[in-house]
Amino acid sequence: MTYESRVRRILVVDPAGGDAPAIAEALRDEGYELLSVACHTEALSLLRTSRLDAMLAVLAGDDAGLQFCRQLRAQPGHFMAPLLAVTGHPEPAFWQSAFGAGCDDVMRTPLQPVMLRARLRNLLERADYARELERVRANLARYVSPRLRQLLQARQPGDGLPAPCEQDVCILFSDIRGFTSLSRTISAEVLFRTVSRHLGFQVESVYAHGGYVDKFGGDGIMAVFDGEDMVVNACACALDIMETNHELQANSSELAIPLGVGIHTGPVVAGNIGSGVHLDYTVIGQTVNLAARLCGYARPMDVVVSEAVRKALGQRADMACVEPRDAQIRGISGTVTLYRLEGPERAMASG
């Protein structure tokens, strides 16, 4: 049953008990389920154990009532539930205090049933709209990288799109070796589940090492690392991805998928690409192209890095760039020196 079609549960808190009957009579034919209590403690207990759609609090006009409203508003899971204060207090200053305590609306007694029904209905509709926006936002957030969300949230209305800018980054590309052949040997369901599992742990590793996923490339990812330790972070991420992949292969033949990874560092241009209908915030340039090419040169379960990455790593005890070889890479003039990145064991042995 959808949220809109189910019976709404309304909590009515009236310590003195004088207004609860009038509230119940006014809402009698609205199809709500009313839960009336006189004790603040009981009301808070209900909120901790039950799903409530709105709260009506009868306030005597003292600080205790305002504090109770703050407690209602602070309850987990009910931050979007409307809170309507009912009071006989004549001073506008107290009504203002009620809004400051978290109330969404204030009504004075004696209550007018038509007004109570209309205001409660309006508050519930607004809450429905807010929940729908939150649901859509949460779903969209799964398709938009945290870095892009930060950029968009930092923009003020009227700022327009951020201008393209040049910056130094480290780019990591991953790819499943033999993906086309693999897709012919297993069912589409198993293939999709397996690829999704692999991409999932790669994404987790990227964010754990301070990078962000720029895009998925079908059976691989393009990740961007920036900042002072971007090269070290990217290389550590690649080694972690390989280690996790080894563990998956040891535990399940279904997940025995060899990966290749390429890493390069250098300048890129970051900005929006596309039109007003559909935009993609990404990085482009020769650095990106070379990182993608290096990934293509990686043998199964190898991480291939460039000379620029080797120089940036320097002499480290936990990483080593071994087996240098020159390659003629399409789109790059001259030869390019490639290295295979090894983890701590090989690094210590080579040191």
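The values are calculated or read from the model by the stated rules, or taken from the named source; none is laboratory data. Just so it is clear, the structure is predicted and the values come from calculations on it, not from any experiment. Note that we place each Cβ from the backbone using ideal geometry, even for glycine, and neighbour counts take in every protein chain shown.
I want to confirm something. Restricting to the stretch 191-227 and keeping residues that are part of a strand (DSSP E or B) and hydrophobic (A, V, I, L, M, F, W, C), which single residue is surrounded by the most Cβ atoms within 10 Å (Cβ to Cβ)?
Across the stretch 191-227, the extreme among qualifying residues is Ala223.
Out of (1) assigned to a helix (DSSP H, G or I); (2) modelled with pLDDT of 75 or more; (3) in contact with a Phe, Trp or Tyr (Cβ under 8 Å, 6 or more places away or on another chain), what's the single condition that is false for Leu151?
Condition (2) is where Leu151 drops out.
Quick one: how many residues across the stretch 56-82 are modelled with pLDDT of 90 or more and of a type in the set (Asp, Glu)?
Residues in the stretch 56-82 being modelled with pLDDT of 90 or more and of a type in the set (Asp, Glu): 1 in total.
What residue, of Leu44, Leu52, Leu72, Leu66, is more than 30 Å from the chain's Cα centre (by Cα) and closer than 15 Å to Val12 by Cβ?
Criteria check complete, one pass: Leu44.
Working only within the stretch 171-216, note down all residues that are charged (D, E, K, R) and in contact with a Gly (Cβ under 9 Å, 6 or more places away or on another chain).
First, pick out the residues of the stretch 171-216 that are charged (D, E, K, R): 175, 177, 184, 189, 193, 197, 204, 214-215.
Correct list: Asp175, Arg177.
If I ask for residues that are in contact with a strand residue (DSSP E or B) (Cβ under 8 Å, 6 or more places away or on another chain), under 22 Å from Pro90 (Cβ atoms) and touching a residue at least 60 places away in the same chain (Cβ under 8 Å), which ones from the stretch 107-132 would you list?
Within the stretch 107-132, Thr109, Leu111, Leu116 qualify.
Looking only at the stretch 195-218, count how many residues are acidic (Asp, Glu) and either modelled with pLDDT of 95 or more or under 20 Å from Leu290 (Cβ atoms) (or both).
Residues meeting the conditions: 1.
Can you tell me how many residues in the stretch 79-103 are of a type in the set (Gly, Ala, Ser), surrounded by fewer than 20 Cβ atoms within 10 Å (Cβ to Cβ) and touching a strand residue (DSSP E or B) at 6+ places or on another chain (Cβ under 9 Å)?
Total satisfying the criteria: 2.
Residues are listed down the side, and each one gets a yes or a no for (1) outside any strand (DSSP E or B); (2) modelled with pLDDT of 90 or more; (3) touching a helix residue (DSSP H, G or I) at 6+ places or on another chain (Cβ under 8 Å):
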site: Leu84; (1), (2), (3): no, yes, yes
site: His89; (1), (2), (3): yes, yes, yes
site: Ala118; (1), (2), (3): yes, yes, no
site: Glu134; (1), (2), (3): yes, no, no
site: Arg137; (1), (2), (3): yes, no, no
site: Thr180; (1), (2), (3): yes, no, no
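So for the stretch 285-305 (the condition being in the same structural domain as Gln249 (by TED's automatic domain parsing), part of a loop (DSSP other than H, G, I, E, B), over 30 Å from Pro162 (Cα atoms) and not hydrophobic (A, V, I, L, M, F, W, C)), does at least one residue qualify?
First, the residues of the stretch 285-305 that are in the same structural domain as Gln249 (by TED's automatic domain parsing): 285-305.
Within this subset, residues satisfying the condition of being part of a loop (DSSP other than H, G, I, E, B) are 285, 298-301.
With the extra rule that they be over 30 Å from Pro162 (Cα atoms), the set shrinks to 298-301.
Then keep just the ones that are not hydrophobic (A, V, I, L, M, F, W, C); that gives 299-300.
Scanning the stretch 285-305 turns up at least one residue that is in the same structural domain as Gln249 (by TED's automatic domain parsing), part of a loop (DSSP other than H, G, I, E, B), over 30 Å from Pro162 (Cα atoms) and not hydrophobic (A, V, I, L, M, F, W, C).
Determine whether Ile273 is surrounded by fewer than 18 Cβ atoms within 10 Å (Cβ to Cβ), touching an Asp or Glu at 6+ places or on another chain (Cβ under 9 Å) and under 30 Å from Leu151 (Cβ atoms).
Answer is yes for this residue.
When you go through Leu52, Leu47, Leu59 one by one, which is the residue that is touching a Lys or Arg at 6+ places or on another chain (Cβ under 7 Å) and either surrounded by fewer than 12 Cβ atoms within 10 Å (Cβ to Cβ) or in the same structural domain as Arg126 (by TED's automatic domain parsing) (or both)?
Only one candidate passes the filter, namely Leu52.
Could you give me the residue pairs with C-beta distances under 8 Å whose first residue belongs to the stretch 52-76 and is within 22 Å of Arg6 (Cβ to Cβ), whose second residue is buried (at least 22 other Cβ atoms within 10 Å of the Cβ) and at pLDDT below 90 wherever it lies, and which are 6+ apart or on separate chains?
Here the result reads none, with nothing in the stretch 52-76 linked to a residue that is buried (at least 22 other Cβ atoms within 10 Å of the Cβ) and at pLDDT below 90.
Which count do you get for residues in the stretch 315-334 that are under 35 Å from the mean Cα position of the chain (by Cα) and either touching a residue at least 40 places away in the same chain (Cβ under 8 Å) or outside any strand (DSSP E or B) (or both)?
Total meeting the criteria: 4.
Which of the following residues is of a type in the set (A, V, I, L, M, F, W, C), farther than 20 Å from Gly274 by Cα and either free of Cβ contacts under 8 Å to residues at least 24 places away in the same chain or surrounded by 13 or more Cβ atoms within 10 Å (Cβ to Cβ) (or both): Leu172, Leu148, Leu140? Can you show your working first?
On the way: Leu148 fails: farther than 20 Å from Gly274 by Cα; Leu140 fails: farther than 20 Å from Gly274 by Cα.
Every option except Leu172 fails the conditions.
Quick check on this structure: which one of Arg330, Arg310, Arg316 is modelled with pLDDT of 90 or more and among the basic types (Lys, Arg)?
Only one candidate passes the filter, namely Arg310.
Which pairs have Cβ atoms under 6 Å, sit 6 or more apart or on different chains, and link a residue in the stretch 213-228 that is under 12 Å from Leu199 (Cβ atoms) to one that is acidic (Asp, Glu)?
Gly220/Asp175; Met222/Asp214
Assuming Gln286 fulfils every condition listed in (1) touching a residue at least 60 places away in the same chain (Cβ under 8 Å); (2) within 18 Å of Phe225 (Cβ to Cβ); (3) out of contact with any helix residue (DSSP H, G or I) (no Cβ under 7 Å at 6 or more places or on another chain) apart from one, which condition is it?
Failing condition for Gln286: (1).
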